[in-house]
Amino acid sequence: MVQSIHETKNLETEALRSLARLLPRLESAFSTYRSQNPEQWTLFLKRLKTQFIPLFKILVHLYGDQYDFFYHLESVLVTITEAWVQRSEDLKTLDAEREAQPTWFQDHHVLGGVCYVDLFANDIEGIHNKIPYLKEMGLTYLHLMPLFRSPEGENDGGYAISSYRDVYPDMGTMAQLRNLADELRSEGISLVLDFVFNHTSNEHIWAQRARQGNADYQKYYWMYDDRTMPDAYEAHLREIFPDEHPGAFTFFDDIEKWVWTTFHSNQWDLNYANPEVFNSMAGEMLFLANQGVEILRLDAVAFIWKSLGTACENLPEAHMIIQAYNAIARIAAPALLFKSEAIVHPDEVAQYIREDECQLSYNPLLMALLWNTLATREVNLLYQSMQKRFNIPKRCAWVNYVRCHDDIGWTFSDEDAAALGINAFDHRLFLNAFYTGRFEGSFGRGLAFQENPKTGDARISGTCASLAGLEKALTEETAAEVDLAIQRILLIHNVILTIGGIPLIYLGDEVGTLNDYGYRDDLTKADDSRWVHRPSADPVLYALRKDPESIPGRIYHGLLQIIQLRKNSPVLSGEPPVFIHTENSHIFGYKRQQRASQLWVLNNFSDFPQVITHISLRFFGLKAPFKDLVTGDSFDNKEDLTLAPFQFVWLAPENG
């Protein structure tokens, strides 16, 4: 009886034997490079040998039952080696720097910004021209939203990718993007792009070949002649966009097949059970790394592996694929990092955050709970959730944000809410009502996204300023409410700038951009309320940022003050936060520490002044006279501390 590779007891031995057999073939194929660059080849082999065993184990698990497994294994090695050979010397130098300092992203100088290229600067050349502004803000990390070639009209905001190697023509060329990456890197700014790897658009060359009847490329996707298998899968799947198409499959008349389309009908899910898909997407990933991309945001990570009889979300094999790609990156592009995007239960979000998987992760829980806390003025759920869920592996980091291109989903844990006596379903209904302005006394002016009229379930669209009350204050209220709205904006940004991790600013929020309801006049956008918070950059607002008395100027200068404080505070590069039970239900507090340096950050989420007694302050550890780094005010440790509405303080001992 022939033994399957899955049944082999010692995979490490088999991995080493396989590599020993494949290396001569690899060395022969790349003999010219090897002879001309012996030191580089030696370094490459060292990395390959370090990562090969874990990579081999994963590939055996995923594809070991394929009759041509070793053909695909060799193809992966060729893809990796070609990428390394083609990698520029500048990027290889960066690789060495990042290997020497693998947690560079935890530094207190790191500050992120995110934008759409066309909306913020028209095109790639426009982004190049914005570099002085990015440096003025102090950005060291720039995430450009999808800019690859995609279908005309509805393309899910660029997330329906027709080519990973071509920029959308109106935005520029791949050569311009590569030059931009080089220029950003020379200015100390890392380029971040999305890697949309769950699906391609139906216009991608692979999809076109599948539509033409090419059987090999039809296996790149999930395609069926009848409803038998789609029905079997859908018995366990949730619907993502039921308003567009029920279930997870779409029927295409021209090919008479049902195609798996988790999200939109022009986004065809890739079949990672096919090793050719794995290898092809590895090639696309490494191509982007070689253009100078330093961080890839992995889009829709939860959905990439399908298995009959499951919900096809967050399956173990999804993690394995990312771990395999991470191993490949460590060999061919060691500077490349992954950032996960998983808007799921907090426990499932955390599962993607590992040094050998995604070193970075969006923190959707913190984002949702900041807005929850502004609405309720109560910090209980925020405090409990952060205390329980904020800590992650030491060599990883959260990417903390207030707003982004997407909607707000109330992704807090039902269990966490129940522990506080909060009915999670009812509470989400309240939050939806509050941030759509339907709740009496609400300051929020957002729009519902994907609202279910039967259940009231929805997510929320809107800019930071409109959700924080600035829109309502300017149109319906007085200067006093404008002041409160500005302070809310600064308060929640203060949290993401101090709590630990990479703070990420959705560009436009720094000048108080309001909702843009003009999207309703565009038929390709009218049914997607998320476009309300995706307006083009307003040159008037950006000009007014220079006037510290204007509303954009007050927000901008207030934010710059916090940013500068962050960059001057090495303590924020230190250990994870220690969350403080402040004994005041409206004040969210935490301590940051690096060696002997300590900093206490207190945030008042109430419309009214709040007091923390001197006894509580001493209990937190503030036993010596201290000062607020924000205002410069000094305090005696025998005084109670009063925080104004939505005020935040950075408290440090007077003696340093």
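The values are calculated or read from the model by the stated rules, or taken from the named source; none is laboratory data. Worth saying up front: this structure is predicted, and the values here are computed from it rather than measured. Here Cβ is always computed from backbone atoms with ideal geometry, including for glycine, and neighbour counts include all displayed protein chains. SASA here: full protein model, heavy atoms, side chains in, ligands and nucleic acids out. Shrake-Rupley method; radii C 1.70, N 1.55, O 1.52, S 1.80 Å.
In table form, for the structure just shown:
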item: Amide H contacts of H199 (H built 1.01 Å from N, under 5 Å, at least 5 apart or other chain); result: L270
item: Å² per residue, accessible surface of segment 292-336 at 1.4 Å; result: 17
item: Burial order of peptide ranges 498-504, 592-598 (average beta-carbon count within 10 Å, highest first); result: 498-504, 592-598
item: Residues whose placed amide H lies under 5 Å from that of K257, excluding near-sequence neighbours; result: F252
item: Segment 375-392 - phi-based ³J(HN,Hα) in whole Hz, Karplus 6.51/-1.76/1.60, Gly and Pro as x; result: 6, 8, 6, 10, 9, 4, 5, 4, 4, 4, 5, 5, 4, 7, 10, 6, 5, 9
item: Apportionment of accessible area to carbon and sulfur, segment 1-126, percent (1.4 Å); result: 49
item: Full-extension gain in nm, D65 to R595, via 0.36 nm per residue minus C-alpha separation; result: 185.6 nm
item: HN-Hα J in Hz across segment 208-219 - Karplus 6.51, -1.76, 1.60, θ = phi - 60°, x for Gly and Pro; result: 4, 5, 5, 5, 7, x, 5, 5, 4, 7, 5, 6
item: Heavy-atom surface of segment 487-537, accessible at 1.4 Å and reported per residue (Å²); result: 29
item: Pairs of lysine residues in segment 468-626 - Cα separation under 27 Å, sequence separation of 8 or more or cross-chain; result: 6
item: Over the chain, relative contact order from alpha-carbon pairs under 8 Å, at least 6 apart, %; result: 11
item: Of all accessible heavy-atom area on segment 312-381, the percent that carbon and sulfur account for (1.4 Å); result: 50
item: Per residue Cα convex hull volume in Å³ - calculated over segment 1-150; result: 185
item: Unit Cα scatterers, Debye sum, segment 224-277: log10 I(q)/I(0) for q = 0.19, 0.25, 0.28 Å⁻¹; result: -0.67, -1.08, -1.23
item: Largest to smallest accessible area among F30, F251 [probe 1.4 Å]; result: F251, F30
item: Convex hull of segment 113-256 built on C-alpha atoms - directionally averaged projected area, nm²; result: 10.6
item: Ordering of 62-73, 556-567, 157-168 by packing [mean C-beta count within 10 Å, highest first]; result: 157-168, 556-567, 62-73
item: Principal axis dimensions, segment 229-341 - Cα atoms, whole angstrom, descending; result: 42, 30, 26
item: Residue-level accessible surface for K135, protein heavy atoms, 1.4 Å, Å²; result: 100
item: Span per principal axis, largest first, for the Cα atoms of segment 492-588 (Å); result: 49, 32, 26
item: Segment 177-303: C-alpha pair distances exceeding 22 Å, %; result: 44
item: Apportionment of accessible area to carbon and sulfur, segment 383-429, percent (1.4 Å); result: 51
